[in-house]
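Visitor: Quick one: structure below, then a few questions.
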Amino acid sequence: MKRLLHRYRLVVMNDDTFEENFSLRLTPLGIFILVGSVTIAMIMLVISIIAFTPLREYIPGYADVGMRRELISLTMRSDSLERALIAQNLFTDNLTNVLQGNIKTDTTQNRPDKNNSYDKLKMDASQKEATLKETIESQDQYSLSFEPESGKNGISNFFFFT
């Protein structure tokens, strides 16, 4: 790690006069960071150029937006035409059967009810049901209506479940 922090000098000199034209003080860590940053910047630039320009159409798997919309529209149209064709074929098959006299009757309709024991049903309320009904009718604790005989007006007459 210490070697990455040692400073080195890069000097550009004129070969004829040995005059120093340019000088830089560098560390290996700084060079590594510079090269990595430039590489990442170049990758991001290439990706953005490909992603946001028409160049992406030349990459296999990417299609033109208009072509994709047209493909979806044509798919929906072909599906609806297929459904219409199936319905039309069913209609013509049924019409052919009717004209030839091959009418199938529906066996589930107009079937007589075989359960004739309705006369035996007991529909009278029992004694417990009658007392329960009287108890509930006599109590008015769940009423949310306005009670004028209490003498109070307003929201205080309403019972809120909290």
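The numbers here are math on the coordinates, done by the rules we state, and not lab data. Note that the coordinates shown come from a computational prediction; the quantities given were computed from them, not determined experimentally. Here the Cβ positions follow ideal geometry from the backbone for every residue, glycine too, while neighbour counts run over all protein chains shown.
Visitor: Calculate the dipole size of the range 2-58 relative to its Cα centre from +1 charges on Lys and Arg beta carbons and -1 charges on Asp and Glu beta carbons; express the result in debye to the nearest 20.
Guide: Computed charge dipole of the range 2-58: roughly 520 debye.
Visitor: Within the range 1-56, list the chymotrypsin sites (Phe, Trp or Tyr not before Pro) lying in a DSSP loop whose Cβ has at most 13 other Cβ atoms in a 10 Å radius.
Guide: Sites meeting the loop and neighbour criteria: 18.
Visitor: Is the shape of the range 2-58 rounded, prolate or oblate, going by the alpha carbon gyration tensor and its root eigenvalues a ≥ b ≥ c, with a/c under 1.5 for rounded and a/b larger than b/c for prolate?
Guide: Note, shape of the range 2-58 comes out oblate.
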